[in-house]
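Working notes for the structure below.
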Amino acid sequence: MPGVLGTRAAFTKNFDGREDPLARRRLAARTRPFLLRRTKNEVARDLPDRVEEDLIIELEGTQAALYQAEIKRDRAELLKAETSRQLDKLRFNILTSLLRLRQICCHPRLLGLDATEVKKGRKKAAEPANESAKVAALMELLEPLVEEGQKVLVFSQFVEMLAIIEAEIQERGWQSFKLTGQTEDRGTLVGEFQKHAGPGIFLISLKAGGFGLNLTAADTV
């Protein structure tokens with residue numbers, strides 16, 4: 001579709017996510033009518049091997065600011081270590097910091113931040129800390145899959161992240177199922193997902209779903 005996205009200058013102005021947090025949504029809306037998809041039923045006889053795709057998602061707005069603030073604080077702590085013994089004492093802090101960075105990448109709310117500011121030692125947020133580039137990208141991925149009637153598995157290490165995703169799914173009126181360590185009757189839940197007619201999204205914690213699951217009805221993970 002030559003020219004459908006305009007000139008390079010127009011593309012940068014309209015779709016550069018570094019300047020505008022809504023740019024990705026506009027770009028997705030612009031290109032979606034021209035994307036062709038084949039459903040599983042259409043290619044069932046000649047399905048290829050499993051296809052894996054890595055998606056690189058750029059942090060934006062408050063989420064990016066929180067990430068940079070966390071890195072800055074962590075680096076400052078590391079620079080205080082002048083000997084191997086001092087660095088040894090910081091090992092636990094380093095692991096904790098890595099965990100916090102992963103949580104920020106998923107969603108700032110996993111750190112327990114309120115909507116207008118971050119914890120002591122971090123800059124005050126310029127906007128509510130309730131936006132996540134990762135969640136937004138996930139919803140964009142799920143939308144066409146649900147429209148095609150697919151069943152999808154979504155895994156996360158963080159149970160709180162699954163709750164955030166579940167709320168987004170419910171807002172859109174999509175059918176969802178959730179398996180965590182708190183789930184008592186796993187068999188019944190798995191059976192409901194397997195037999196459910198139409199699209200469905202199964203939210204699974206890595207710890208609870210790491211063994212004993214047979215989800216042959218799923219099309220995409």
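The values are calculated or read from the model by the stated rules, or taken from the named source; none is laboratory data. In this text, all values refer to a predicted model and were calculated from it rather than measured experimentally. Neighbour counts are summed over all protein chains in view; Cβ atoms, including those assigned to glycine, are modelled from backbone coordinates with ideal geometry. Side chains are part of the model used for accessible areas, which takes the heavy atoms of the whole protein and leaves out ligands, DNA and RNA. Shrake-Rupley method; radii C 1.70, N 1.55, O 1.52, S 1.80 Å.
Quick notes
- Additional length obtainable on full extension of the chain from Thr188 to Leu215, 0.36 nm per residue less Cα span: 8.5 nm
- FRET efficiency, Leu95 to Glu58 (Cβ-Cβ, R0 22 Å, nearest 0.05): 0.30
- Global size of the chain: 20.9, 63 Å for Rg and Dmax (C-alpha atoms, Rg to one decimal, Dmax whole).
- Flagged links, alpha-carbon separation over 19 Å, of Lys13/Lys134; Lys151/Lys195; Lys13/Lys72: Lys13/Lys134; Lys13/Lys72
- Estimated 222 nm signal from helices in the chain, with DSSP H stretches of n ≥ 4 weighted -39500 (n - 2.57), rounded to 500: -13500 deg cm²/dmol
- On the chain, 52 percent of the accessible area sits on carbon and sulfur atoms, based on a 1.4 Å probe.
- Under 5 Å between amide hydrogens, built in the peptide plane, is the criterion, and for Phe202 it picks out Val152, Leu153, Val154, Phe177 among residues at least 5 positions away or on other chains.
- Each of the peptides 95-104, 26-35, 79-88 was scored by the mean count of other Cβ atoms within 10 Å over its residues; in descending order, highest first, they stand as 95-104, 26-35, 79-88.
- Full extension of the chain between Gln68 and Val4 yields a length gain of 19.5 nm, computed as 0.36 nm times the residue separation minus the alpha carbon distance.
- Mean accessible surface per residue for the chain, computed with a 1.4 Å probe while every protein chain stays in place, in Å²: 69
- Computed FRET value (nearest 0.05) for Thr12 with Arg32, which takes r as the C-beta separation and R₀ as 22 Å: 0.60
- Take 70-77, 175-182, 159-166 and order them by the average number of nearby Cβ atoms within 10 Å per residue, most first; the result is 159-166, 175-182, 70-77.
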